[in-house]
1. Of all residues in the range 164-185, which are within 16 Å of Ile77 (Cα to Cα) and either assigned to a helix (DSSP H, G or I) or open to solvent by 10 Å² or more (accessible area, probe 1.4 Å) (or both)?
2. Applying the selection to the range 117-141, what residues are more than 24 Å from Pro49 (Cβ to Cβ) and either in contact with a Phe, Trp or Tyr (Cβ under 6 Å, 6 or more places away or on another chain) or part of a loop (DSSP other than H, G, I, E, B) (or both)?
3. For the list (1) open to solvent by 30 Å² or more (accessible area, probe 1.4 Å); (2) modelled with pLDDT of 95 or more; (3) out of contact with any Gly (no Cβ under 9 Å at 6 or more places or on another chain), I need the number of the one condition that Val155 fails.
4. Just to be sure before I move on: is Thr146 in a loop (DSSP other than H, G, I, E, B), out of contact with any Cys (no Cβ under 8 Å at 6 or more places or on another chain) and open to solvent by less than 10 Å² (accessible area, probe 1.4 Å) in the structure I sent?
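The values are calculated or read from the model by the stated rules, or taken from the named source; none is laboratory data. If you're wondering where the values come from, they're calculated on a predicted model, not measured in any experiment. Cβ sites come from the backbone with ideal geometry, for glycine too, and all protein chains shown count toward neighbours. Note: areas computed on protein heavy atoms with side chains; ligands, DNA, RNA excluded. Shrake-Rupley method; radii C 1.70, N 1.55, O 1.52, S 1.80 Å.
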Amino acid sequence: MSHDHDHDNELDPFAARVRALETILTEKGLIDPAAIDVIVDTYETKVGPRNGARVVAKAWIDPEFAAWLKRDATAAIASLSYTGRQGEHMQAVFNTEATHNLVVCTLCSCYPWSVLGLPPVWYKAPPYRSRAVIDPRGVLEEFGLTLAAATKIRVWDSTAELRYLVVPMRPEGTEGWSEERLAELVSRDAMIGTGLAREPA
């Protein structure tokens with residue numbers, strides 16, 4: 001029996017379920033795909049990790065902004081027009097050679113949407129929420145991040161009243177780089193603490 005037509009198999013199981021649900025709701029007239037597209041575009045291009053990456057890159061090249069970010073992250077971030085949903089009360093925590101910061105929400109999934117966008121699925125998962133506090137070093141190793149034994153790991157519990165942004169260390173070899181180029185090295189995971197800034201190519 002001939003079977004040479006293509007199947008839509010590029011989606012992971014979660015994404016396939018989302019697409020199936022969207023299709024059913026659209027067919028029933030319960031949602032408007034155009035409205036969904038606007039929401040997705042908002043979180044992909046107007047809010048999200050790009051915003052946080054710009055905050056970090058500015059802190060790397062502007063000592064006055066970095067000091068302001070340490071002192072009053074909410075105001076410093078708002079000065080770049082990144083405000084709104086779950087980003088009203090922010091604290092920036094800076095990684096150093098001696099200390100690595102990791103953010104978790106042990107109660108639910110409090111997360112700074114205005115600077116990091118939508119939270120990753122694993123951030124909301126009970127295993128991460130419990131183990132990040134109990135065994136942060138082990139959790140980081142599962143993310144592929146092995147820190148020196150002497151490096152202290154500080155875990156910050158995000159709440160409805162206060163959310164955190166990790167400022168990773170600036171990679172070596174980036175002297176003279178522009179803010180835009182530096183921002184490309186800053187990943188969402190680095191700003192949660194489950195990763196580091198990317199090394200320059």
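1. Within the range 164-185, Tyr164, Glu179, Ala183 meet the criteria.
2. Asp135 - this is the single residue of the range 117-141 that is more than 24 Å from Pro49 (Cβ to Cβ) and either in contact with a Phe, Trp or Tyr (Cβ under 6 Å, 6 or more places away or on another chain) or part of a loop (DSSP other than H, G, I, E, B) (or both).
3. Looking at each condition in turn, Val155 falls short on (3).
4. No; evaluated as a whole, the condition is false for this residue.
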